[in-house]
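The values are calculated or read from the model by the stated rules, or taken from the named source; none is laboratory data. In this text, all values refer to a predicted model and were calculated from it rather than measured experimentally. Quick reminder, even Gly has a Cβ in these numbers, built from the backbone with ideal geometry, and neighbours come from all protein chains shown. Accessible surface is based on the protein model in full, side chains and every heavy atom, while ligands, DNA and RNA are left aside. Shrake-Rupley method; radii C 1.70, N 1.55, O 1.52, S 1.80 Å.
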Amino acid sequence: MGKWLGWLAMLAVLAGFPAAALAQDATGDWLGSLQTGPLTTLRLAVHVKSDGHGGFQGTLDSLDQNTRGLPLSDVAATPEALSFKVPAVGGAYSGKWDAAAHAWVGEWRQGATPLPLTLARPPAQPIAWTIPSDAEIGRLLEARIAGRPGEGIVVGIITPSGRRIVARGPADTKRFDGRTLFEIGSITKVFTGLLLADMARRGEVRLDDPADKYLPAGYALPSRNGRRITLLDLATHRSGLPRMPTNFTSADPANPYADYSQKDLLAYLKQVRLTRDIGSEYEYSNLGVGLLGQLLARRAGTDYASLVRRRITRPLGMMDTTIRLSPVQRTRLAQPHDEYMRPMPAWDLNALAAAGALRSDANDLLTFLGAAMGLVKRPVRTDFAAMQVRRAAGPTGNMDVGIIWMLLKTPAAEIVFHNGATGGSKAFIGFDPARKRGVVVLVNGAPEPASDDLGLHLLTGSPPMPVQPLPPAPREWKVVPLSPAQLDPLTGIYRFGPQETLTIRRDADRLTVQLTGQPEFPIFPSSETEFFLKAVDAQLSFELDGSGRASKVVLHQAGHDTPAPREP
């Protein structure tokens, strides 16, 4: 399982939470865990809802990899059985209802090795809930970061009675506080949505404008059945555009977005085709919101960073919310850490900056939430209100979409929220508009969710995720230089199953690998037939035929060896 889902962890999207349903009714939310290796567990959340025509649809989240909103297909559900496919990762599930366990008990298949997977309802949430005290929050944070040197968490809370900051960690370094800067990943999208709402209020754009109205001359977006993609389609993830452009490649897996340029994005728009009707289905798209930010900046005659500064951060006095940090601000940036708690570089986003490039701190984000709730009297209040209006159905039955914001129904309250992640940082912002309570969670380590689940726990009382042990760091591999003549016999298409292929391509003096529907990554030789990825802990072994040409590749990941023969 990990071999595909691990490659998808680019930017955080959204989380789903419990919806009421009968125990044997498949609609609603289900949680389960896959044991993908001796020390590796992946927690999954599956969200199923009616499609309104007698069938079902839904999404899957891989919580530990911060990969969420993957669409399900072929969903079949009866009181006795549940099955579905996840085309984005080539996975499939089939389970039977176990009345004694009150759960679906079955198998997950992704490649050659089936894994047992039981899906059960999440624990119930309380109807009444009060945000815990600082001491209680502090104890919760201490449990989250225990055993993870270098990790720290900052929580911010805003209510009509004021603000408070609770921070813990990191150990043996300067302690975090409300001015510690973090990468906030996809929370950047909320700023992009606010720009759209602001420009619509001013009459500079209309929500129903065709998005390609604002592209450079000679470029267009695909249409389907006479329908064109609008700006609102991009802001509600219903454009039909995929999560990521298919021409996305990464020269540096530790900083994957840095070299995806405006030229690359425009080249992709020349060849993209839609596979479903516009507006028909929710699919979270970094591509769509990244493009939206580009279009709004172009309409305003400036760049995205300047537009955010001029329209949002400067009017709100959010001087620490920016893409480009000053030398002084860099000294306050929390060091990001990967899933093994190894230091890693901060991410730089180029053409897709509007999807995840901002950095911020808890103080600034509390100001942002205060403006959204009307606690901070600033000119952008009206635009925040427009963002919170329901615009479309979301990925689960208890979640709708406003302009970027996710609108979540819980027993305790209706919550407006968004989350974000980069390779080594995670973030959450959310608020209860009725009670005017807002929460910010910022963390500089990838091993734990430590943002979505913690933020929703503080707002609604939903149970936080259990703390997972830190996995051992993978082996360090040494690169062995190979010539193009040694690389060429390994290129080709290798098939894991009917819908999953692995494409190996030579790019100058290196090989790249791309799984069906996913970004392309470089692979590095440790011998003439053994290669490894830096983007994820996985290796590839090639088997050669009598002519010296590769006939098969074996993927090694999470304790599993999965072969794929080469296509003729």
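How many percent of the accessible area of the range 102-227 is carbon or sulfur, using a 1.4 Å probe? It would help to have the intermediate numbers written out before the result.
Values: 2970 of 5600 Å².
On the range 102-227, the fraction of accessible area on carbon and sulfur atoms equals 53 percent.
Which order, highest average first, do 93-99, 344-350 follow once you tally other Cβ atoms within 10 Å for each residue and take the mean per peptide?
Numbers: 93-99: 17.1, 344-350: 19.3.
Descending packing order for the listed peptides: 344-350, 93-99.
Semi-axes, largest first, in whole Å: what does sqrt of 5 times each Cα gyration tensor eigenvalue give for the chain?
Working: eigenvalues 242, 154, 133 Å².
Ellipsoid semi-axes (Å, largest first): 35, 28, 26.
Spin-label point model (7 Å from Cα, Cβ direction): what's the residue 120 to residue 81 distance in nm?
Placing both labels 7 Å along Cα→Cβ, they lie 2.5 nm apart.
Please list, in chain and number order, the residues 5+ apart from residue 392 or on another chain whose amide H is under 5 Å from its amide H, with Hs placed from the backbone.
Correct list: 401.
Pull out the extension gain between residue 33 and residue 277, defined as 0.36 nm times the separation in residues minus the alpha carbon to alpha carbon distance; nm, one decimal.
The span from residue 33 to residue 277 would gain 84.5 nm if fully extended.
Where nothing but the Cβ of Lys and Arg (+1) and of Asp and Glu (-1) is charged, how large is the charge dipole of the chain around its Cα centre, in debye to the nearest 20?
Working: 62 positive and 55 negative charges, 386 e Å.
Here the chain has a charge dipole of around 1860 debye.
With a/c under 1.5 counting as rounded, go ahead and sort the range 192-323 into rounded, prolate or oblate using the C-alpha gyration tensor (a ≥ b ≥ c being the square roots of the eigenvalues; past the cut-off, prolate if a/b is larger than b/c, else oblate).
Values: a/c = 1.78, a/b = 1.19, b/c = 1.50.
Oblate shape, in that a/c is at least 1.5 and b/c is the bigger or equal ratio.
Could you pull out every one of the lysines with an alpha carbon less than 16 Å from that of residue 377, ignoring same-chain neighbours closer than 8 positions?
Correct list for residue 377: 436.
Once you sort the root eigenvalues of the Cα gyration tensor of the range 378-498 as a ≥ b ≥ c, which label holds: rounded (a/c under 1.5), prolate (a/b larger than b/c) or oblate (the other case)?
Numbers: a/c = 2.64, a/b = 2.03, b/c = 1.30.
Prolate.
Over the range 441-499, what percent of the accessible surface lies on carbon and sulfur atoms, probe 1.4 Å? Show your work: numbers first, answer last.
Numbers: 1560 of 2450 Å².
C and S atoms contribute 64 percent here.
What is the spin-label model distance, in nm, from residue 50 to residue 392 if the labels are put 7 Å beyond Cα along the C-beta direction?
2.2 nm
Would you be so kind as to identify which of 565, 398, 211 lies farthest towards the positive end of the dipole of the chain, taking Lys and Arg as +1 and Asp and Glu as -1 on Cβ and the Cα centre as origin?
211
Rounded to the nearest 0.05, what FRET efficiency is calculated for residue 329 and residue 208 with R0 set to 60 Å and r the Cβ-Cβ distance?
After rounding, the FRET efficiency stands at 0.95.
Take peptides 153-161, 102-110 and line them up by average Cβ neighbours within 10 Å, highest first, as a rough protection proxy.
Values: 153-161: 21.2, 102-110: 18.8.
Highest mean packing first, the order is 153-161, 102-110.
Excluding residues fewer than 8 places away in the same chain, name every one of the aspartates and glutamates whose C-alpha is closer than 14 Å to that of residue 270.
Within the straight-line limit of under 14 Å, residue 270 reaches these aspartates and glutamates: 212.
Quick one, can you get me the convex hull of the C-alpha atoms of the range 452-516 expressed as volume per residue in Å³? Write out the running numbers ahead of the final one.
Numbers: hull volume 12.5 nm³, N = 65.
Cα-based convex hull of the range 452-516, divided per residue, equals 193 Å³.
Go through 457, 443, 410 and say which Cα lies farthest out towards the positive end of the charge dipole of the range 364-463; charges sit on Cβ, +1 for Lys and Arg, -1 for Asp and Glu.
410
If each residue of separation counts as 0.36 nm, what is the full-extension length gain between residue 177 and residue 142 once their alpha-carbon separation is subtracted?
11.1 nm is the gain from fully extending residue 177 to residue 142.
Per DSSP helix of 4 or more residues, -39500 (n - 2.57); summed, then divided by the residues of the chain. What does that give at 222 nm, rounded to the nearest 500? It would help to have the intermediate numbers written out before the result.
On the way: 12 runs with 101 residues, N = 568.
The helix-only estimate for the chain comes to -5000 deg cm²/dmol at 222 nm.
Show me 288-296, 363-371, 502-510 ranked by packing, highest mean number of other Cβ atoms within 10 Å first. Numbers along the way, then the final one.
Details: 288-296: 26.3, 363-371: 24.1, 502-510: 14.6.
Order by mean packing, descending: 288-296, 363-371, 502-510.
If you find the alpha carbon centre of the range 350-409 and of the range 277-311, how far apart are they in angstrom?
First find each Cα centre; the distance between them is then 14 Å.
Residue 493 to residue 164: FRET efficiency via 1/(1 + (r/R0)^6), r the Cβ-Cβ distance, R0 56 Å, to the nearest 0.05?
Working: r = 56 Å, r/R0 = 1.00.
For R0 = 56 Å, the calculated efficiency reads 0.50.
With a point put 7 Å past each Cα toward its Cβ, work out how far residue 101 is from residue 219 in nm, to one decimal.
5.0 nm
Length gain on complete extension for the stretch residue 526 to residue 342, per 0.36 nm per residue less the alpha carbon to alpha carbon distance? Write down the numbers at each step before the final one.
Values: separation 184, 0.36 × 184 = 66.24 nm, distance 2.17 nm.
Difference between extended and current length: 64.1 nm.
Which one of 141, 257, 318 has its Cα pushed farthest toward the positive end of the charge dipole of the chain, where Lys and Arg give +1 and Asp and Glu give -1 at the Cβ?
So the residue we want is 318.
Does the range 503-568 come out rounded, prolate or oblate, given a ≥ b ≥ c as the square roots of the eigenvalues of its C-alpha gyration tensor, rounded meaning a/c under 1.5 and, failing that, prolate meaning a/b above b/c? Mind showing how you got there, number by number?
Working: a/c = 1.37, a/b = 1.18, b/c = 1.16.
Verdict is rounded for the range 503-568.
Near the amide H of residue 532, under 5 Å away, which other amide H atoms are found, from residues 5 or more places off or on another chain, if H is placed in the peptide plane?
For residue 532, the qualifying residues are 524, 526, 540.
What list of ³J(HN,Hα) couplings, whole Hz, do you get for the range 244-260 from phi and the Karplus terms 6.51, -1.76, 1.60, once you set θ to phi - 60° and write x for glycine and proline?
Coupling constants for the range 244-260: 9, x, 6, 9, 6, 10, 10, 6, 10, x, 6, 9, x, 8, 4, 9, 8 Hz.
Just the accessible area per residue of the chain, please: how many Å² with a 1.4 Å probe?
Working: 21400 Å² over 568 residues.
Counting only protein heavy atoms, the per-residue value for the chain is 38 Å².
Hey, what did the chain get for relative contact order, percent, Cα under 8 Å, at least 6 apart? Don't skip to the answer; put the middle values down first.
On the way: 1372 pairs, mean separation 94.3, N = 568.
Worked out over the chain, it gives 17 percent.
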